[in-house]
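Mind looking over this structure? Questions follow.
The values are calculated or read from the model by the stated rules, or taken from the named source; none is laboratory data. Since this is a predicted model, take the numbers as computed values, not measurements. Counting neighbours? That spans all protein chains shown, and the Cβs are built from the backbone with ideal geometry, glycine included.
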Amino acid sequence: MAVSKAKSAAPDARLAAIISPVGGKWASEARKSALTRLHDMGLPTRRDEYWKFTRPDELTKADATPATLLETDEKPVFCDIDRLRLVFVDGVFDPDISDQMAMEHVEIEPLANAAEKDIHWARDIYGVLENGGQSPVNRPLAALNTATATQGMVIRVTGKAPRPICLHYVRTSETADAVVHHIVKVEAGGDVTLLENGPAAARINKVLEVDIADGGAFHHVRTQGRDHERRAAAHIFARLGTESSFKSFSLTVNGALTRNECVIEILGDNAHATIAGAAVGDGKTHPFHQDDTVFITHDAVNCESRQVFKKVLRNGATGVFQGKILVKPGAQKTDGYQISQGLMLDDDSQFLAKPELEIYADDVACSHGSTVGAIDADALFYLMSRGIPRAQATDLLVLSFLAAALEEIENEEIRKDIFGRLEAWIERHRN
Amino acid sequence: MLKIENLQVKLEEEDKQILKGLSLTVPSGEVHAIMGPNGSGKSTMSYVLSGKGGYEVTGGSATLDGVDLLAMEPEERAAAGLFLAFQYPVEIPGVGNMTFLRTAVNSQRKSRGEDEMSAAEFLKVIRAKAKSLKIDAEMLKRPVNVGFSGGEKKRNEILQMAMLEPKMCVLDETDSGLDVDAMKLVAEGVNALRDGKRSFLVITHYQRLLDHIKPDVVHIMADGRIIKSGGPELALEVENNGYADLLAEVA
């Protein structure tokens, strides 16, 4: 593991104060080992290569900065979709307002239950994928999560799940500082859709580890809550087997700070991974900073990966994209695609992008593109010449810009729901 | 009636005069054609009339039924009854053709104080009009002009024209990039809209289009002005002899 030295004193004090919760044998071991690696690498600082564009301070400091609750009468995302709903209030699972944790081909258990047992299948995933994702780039916040999390869901999928599982986060406290860790194991031939929505907490540190066996499929769509002052660091660690499929889409609307890291390791041949996101931010009344940091490793033959990220920014909002495709020796016939685009609705906002390719195989097709621009004047004129007023024409072009990211959502019903959220944001943030 | 008087236009970014005293009147119900060598200002005229940015009007006027076009925003000109069929229709990914057209129709209706068209009514109307232009349901669903062939894009322009029912249609080289059959189809679409009141200004390089869309008057434009106007025979003359003789006449 690569460990960077010379950390500042303040995070050190924070580190010293971290105590892992007590659990069963496997959980205690996993937490202890995560705490050890966290101490080895230290908390992130602005000097770290992958934290140059996003200040980690708010995510690493001992106490979360309070965040006011958003008052809204908007219906929650996914509420019209037939789903199994599991509710977390301020980062704590509440079984009383959740659906029964029973569904054909799926086993669901709170992390707390699994962690109490001395032997559990979760042992092979919990903190294991996270640990694997610590190289070549350190992700200390994820190690912190593994070391301290007691909340989360442990999900095992053995066949085609009849309906999506929805992790629904509700926020009632202005100060809640939550750590949530989910693991999903998709067995051979399993197929499941995981939805996540809501702001979770004033500050949330979330990890999702996904292990997909041969022929398994995992679909993931999340919205991160549109509370203006909330802060979030979310990590996904995924491991893909032969002919498996991983598809994840994130919608970020508002939020003072969002850092989404995704580490995907493609280990089996003929596998497919898609990671996509749409972010819309307006810094007029509240700061907006959204960061997608992706690392995809191709370590098998004939695999495809797609990264599609679109960010619409205005009034001093900041969007960050750091995306890497690593093609290991022997990973022939790799098809890697990466696009990140920023649409600036004014001159005050910024989009910082760092696309990277590192290729050690000679028979691969990898493409990457990154653009930043304003609304296209020709397209705007075309729409206006048909009688559509400027504001409405601009809205249509913003949706047009975001469309390519949304198209990565397979399920039409879910895609429409997400599209509706974007329309609503545009409506609220018209000039 | 479209009335352009002594219109003078320069590029906003550089000191280059494009239109140098253009005067032209298209009475209600008539079809006028404009021909002229490359760079004579034909497309600039169509853009200035419809309100595209990047141009500065330094003199003259343009009115539609007495209303000053140049003082209005592009969408207001459209609502006032002006339509420009683009030489290069713009692709808009992620916006369905149908959504786009319904938004346009209803925006115009709204600004004229009329009731919006219901989804059902709109669907009925657009299906009928699309059928006559051989535009299938698939093309209506697809994003605006994305993946359309040259011919499909031009047919889509005519469909928009048919749906928006403008008073004054400006067609900027609608025949460019079309094969003979596609051109006939587009011409039929245009002719179907001739109702004795609606006017057309057809910009073209080729007499061929005018075999299908018969003009009342043909204008020859050169160096930012109309240098000669006449009947359909003027187009034939250009087809046979080029512009050299006409340019020499006025020189």
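Spot the failing condition for B:E116; the list is (1) farther than 18 Å from B:G189 by Cα; (2) outside any loop (DSSP other than H, G, I, E, B); (3) within 14 Å of chain A (Cβ to nearest Cβ), and only one is missed.
(2)
Of the residues A:A403, A:A374, A:A365, A:A361, which single one is of a type outside the set (S, T, Y), under 28 Å from B:P74 (Cβ atoms), surrounded by fewer than 22 Cβ atoms within 10 Å (Cβ to Cβ) and touching a residue at least 24 places away in the same chain (Cβ under 8 Å)?
A:A374
Taking the options B:A130, B:A71, B:A85, name whichever one is hydrophobic (A, V, I, L, M, F, W, C), more than 9 Å from chain A (Cβ to nearest Cβ) and exposed (fewer than 14 other Cβ atoms within 10 Å of the Cβ).
B:A71
Still on this structure, please answer the following. Can you confirm whether A:G283 is away from chain B (no Cβ under 14 Å), small (G, A, S) and either closer than 30 Å to B:R109 by Cα or surrounded by fewer than 17 Cβ atoms within 10 Å (Cβ to Cβ) (or both)?
So A:G283 fails the test.
Enumerate the pairs (first residue in region A:287-301 and farther than 21 Å from A:I359 by Cα; second residue anywhere and in a loop (DSSP other than H, G, I, E, B) and of a type outside the set (G, A, S)) with beta-carbon separation below 6 Å, excluding pairs fewer than 6 apart on the same chain, so at least 6 apart or on different chains.
Here the result reads A:D291/A:T54, each pair linking region A:287-301 to a residue that is in a loop (DSSP other than H, G, I, E, B) and of a type outside the set (G, A, S).
Let me ask another. Can you confirm whether region A:370-378 contains a residue that is in contact with a Gly (Cβ under 7 Å, 6 or more places away or on another chain), assigned to a strand (DSSP E or B) and either among the hydroxyl-bearing types (S, T, Y) or more than 9 Å from chain B (Cβ to nearest Cβ) (or both)?
Quick first cut of region A:370-378, residues in contact with a Gly (Cβ under 7 Å, 6 or more places away or on another chain) only: A:372, A:377.
Next cut, assigned to a strand (DSSP E or B) only: A:372.
So of that shortlist, the ones also either among the hydroxyl-bearing types (S, T, Y) or more than 9 Å from chain B (Cβ to nearest Cβ) (or both) come out as A:372.
Checking region A:370-378: at least one residue is in contact with a Gly (Cβ under 7 Å, 6 or more places away or on another chain), assigned to a strand (DSSP E or B) and either among the hydroxyl-bearing types (S, T, Y) or more than 9 Å from chain B (Cβ to nearest Cβ) (or both).
To continue, here is another question. Given the condition under 26 Å from B:H205 (Cα atoms), buried (at least 22 other Cβ atoms within 10 Å of the Cβ) and away from chain A (no Cβ under 14 Å), answer yes or no: does some residue in region B:43-61 qualify?
Checking region B:43-61: at least one residue is under 26 Å from B:H205 (Cα atoms), buried (at least 22 other Cβ atoms within 10 Å of the Cβ) and away from chain A (no Cβ under 14 Å).
So B:G96 clears everything in (1) modelled with pLDDT of 95 or more; (2) more than 8 Å from every other protein chain (Cβ to nearest Cβ); (3) touching a strand residue (DSSP E or B) at 6+ places or on another chain (Cβ under 8 Å) except one condition, right? Which one?
With respect to (1) modelled with pLDDT of 95 or more; (2) more than 8 Å from every other protein chain (Cβ to nearest Cβ); (3) touching a strand residue (DSSP E or B) at 6+ places or on another chain (Cβ under 8 Å), B:G96 is out only on (1).
Does A:L406 fit the bill of being touching a Phe, Trp or Tyr at 6+ places or on another chain (Cβ under 8 Å) and within 11 Å of another protein chain (Cβ to nearest Cβ)?
Against the criterion (touching a Phe, Trp or Tyr at 6+ places or on another chain (Cβ under 8 Å) and within 11 Å of another protein chain (Cβ to nearest Cβ)), A:L406 qualifies.
With the requirement that a residue be closer than 28 Å to A:R306 by Cβ, within 8 Å of chain B (Cβ to nearest Cβ) and touching a helix residue (DSSP H, G or I) at 6+ places or on another chain (Cβ under 7 Å), what does region A:379-400 give you?
Answer for region A:379-400, where residues must be closer than 28 Å to A:R306 by Cβ, within 8 Å of chain B (Cβ to nearest Cβ) and touching a helix residue (DSSP H, G or I) at 6+ places or on another chain (Cβ under 7 Å): A:A379, A:L396, A:L397, A:L399.
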